[in-house]
Amino acid sequence: NAGVMQNPRHLVRRRGQEARLRCSPMKGHSHVYWYRQLPEEGLKFMVYLQKENIIDESGMPKERFSAEFPKEGPSILRIQQVVRGDSAAYFCASSPGTASSGNTIYFGEGSWLTVV
Amino acid sequence: AQSVSQHNHHVILSEAASLELGCNYSYGGTVNLFWYVQYPGQHLQLLLKYFSGDPLVKGIKGFEAEFIKSKFSFNLRKPSVQWSDTAEYFCAVNAKNTGFQKLVFGTGTRLLVSP
């Protein structure tokens, strides 16, 4: 049973380029979460999606960041016109249901974005 | 807003030493509490969680944590560490009956166990 798969694991982008991070949830999981970990900080929630729907994007920066979880395929976190401050580890997680149902959330290995 | 403090950013221990990692949270209501571990190059894994009941929670790999409500603390302990416990440990909290998107993490503690 494969876990949450993220790719790429490491990504280097020049300022102004676009970064796309992909996340395939665990089999049977329809809830996907993206977190970001800036240097010397804890993981911070960005966005929560279910298939074809954004449920909560209260943690997403207002500009340049977007996320989707299409009917088919992985969830994508897209960062346009990257800046140095976007350099961070981006973690994806999935769960089979909501936390109130007693489910557990499973994390991927993270994608490290470096903006040069 | 909730916050989580992990006071020890780096801990170095010798094998067989006892471990206690501190975690304090700030939130006035009822909470769920978690400890996650990230081994080098791997994903975050759940070590243990507290939802209700016995405040002494036992997790995987010999870890345990005690919820002390009066101190807003959820410290992680292990009586005798091994070299393979070298990892980064994260404490997390969310308010009862809220979703995983409301999980608030501490900044993590890097544990190095020397053989």
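The values are calculated or read from the model by the stated rules, or taken from the named source; none is laboratory data. Here the structure is a predicted model, which is why all the values come from computation and not from measurement. All Cβ positions, glycine included, derive from the backbone under ideal geometry; neighbour counts span all protein chains shown.
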### Task
Starting from residues that are more than 7 Å from chain B (Cβ to nearest Cβ) and of a type in the set (A, V, I, L, M), keep the ones in the stretch A:30-48 and report whichever is surrounded by the fewest Cβ atoms within 10 Å (Cβ to Cβ).
A:Leu38
### Task
Mind listing whichever residues of the stretch A:90-99 are among the hydrophobic types (A, V, I, L, M, F, W, C) and more than 10 Å from chain B (Cβ to nearest Cβ)?
none
### Query
Among the residues of the stretch A:11-29, is any out of contact with any Gly (no Cβ under 8 Å at 6 or more places or on another chain), part of a loop (DSSP other than H, G, I, E, B), within 14 Å of chain B (Cβ to nearest Cβ) and closer than 30 Å to B:Asn32 by Cα?
yes
### Query
So which residues in the stretch B:20-35 are part of a loop (DSSP other than H, G, I, E, B) and of a type in the set (S, T, N, Q)?
B:Thr30
### Task
State which residue is farthest from B:Leu111 (Cα to Cα) when the search covers only the stretch B:1-19 and only residues that are under 12 Å from the mean Cα position of the chain (by Cα) and surrounded by 13 or more Cβ atoms within 10 Å (Cβ to Cβ).
B:Val4
### Task
Take A:Gln6 and decide whether it is polar (S, T, N, Q) and assigned to a loop (DSSP other than H, G, I, E, B).
no
### Query
For the subset of the stretch A:49-59 comprising residues that are part of a loop (DSSP other than H, G, I, E, B) and over 13 Å from the mean Cα position of the chain (by Cα), which member is surrounded by the most Cβ atoms within 10 Å (Cβ to Cβ)?
A:Lys51
### Query
If A:Lys27 passes every condition in (1) out of contact with any strand residue (DSSP E or B) (no Cβ under 8 Å at 6 or more places or on another chain); (2) over 21 Å from B:Gln42 (Cβ atoms) but one, which one does it miss?
(2)
### Summary
Taking the stretch B:8-31 and keeping residues out of contact with any Lys or Arg (no Cβ under 6 Å at 6 or more places or on another chain), polar (S, T, N, Q) and at pLDDT below 95 leaves B:Asn8, B:Ser26
### Query
Looking at (1) more than 12 Å from chain A (Cβ to nearest Cβ); (2) closer than 18 Å to B:Lys102 by Cα, can you tell me which one B:Val11 breaks?
(2)
### Message
Quick check on the stretch A:60-86: of everything there that is among the small types (Gly, Ala, Ser) and crowded, with 17+ Cβ neighbours inside 10 Å, which residue is nearest to the other protein chains (Cβ to nearest Cβ)?
### Response
A:Ala67
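When you scan the stretch A:95-105, do you find a residue that is surrounded by fewer than 21 Cβ atoms within 10 Å (Cβ to Cβ), within 15 Å of the chain's Cα centre (by Cα) and part of a strand (DSSP E or B), even just one? Spell out how you get there, then give the answer.
Initially, the stretch A:95-105 is screened for residues surrounded by fewer than 21 Cβ atoms within 10 Å (Cβ to Cβ), giving A:96-98, A:100-104.
Add one more test, that the residue is within 15 Å of the chain's Cα centre (by Cα), and what stays is none.
Looking through the stretch A:95-105, none of the residues is surrounded by fewer than 21 Cβ atoms within 10 Å (Cβ to Cβ), within 15 Å of the chain's Cα centre (by Cα) and part of a strand (DSSP E or B).
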### Query
Here are some residues: B:Gln42, B:Gln38. Which one is closer than 19 Å to A:Glu40 by Cα and without any contact (Cβ under 8 Å) to a residue 40 or more places away in the chain?
B:Gln42
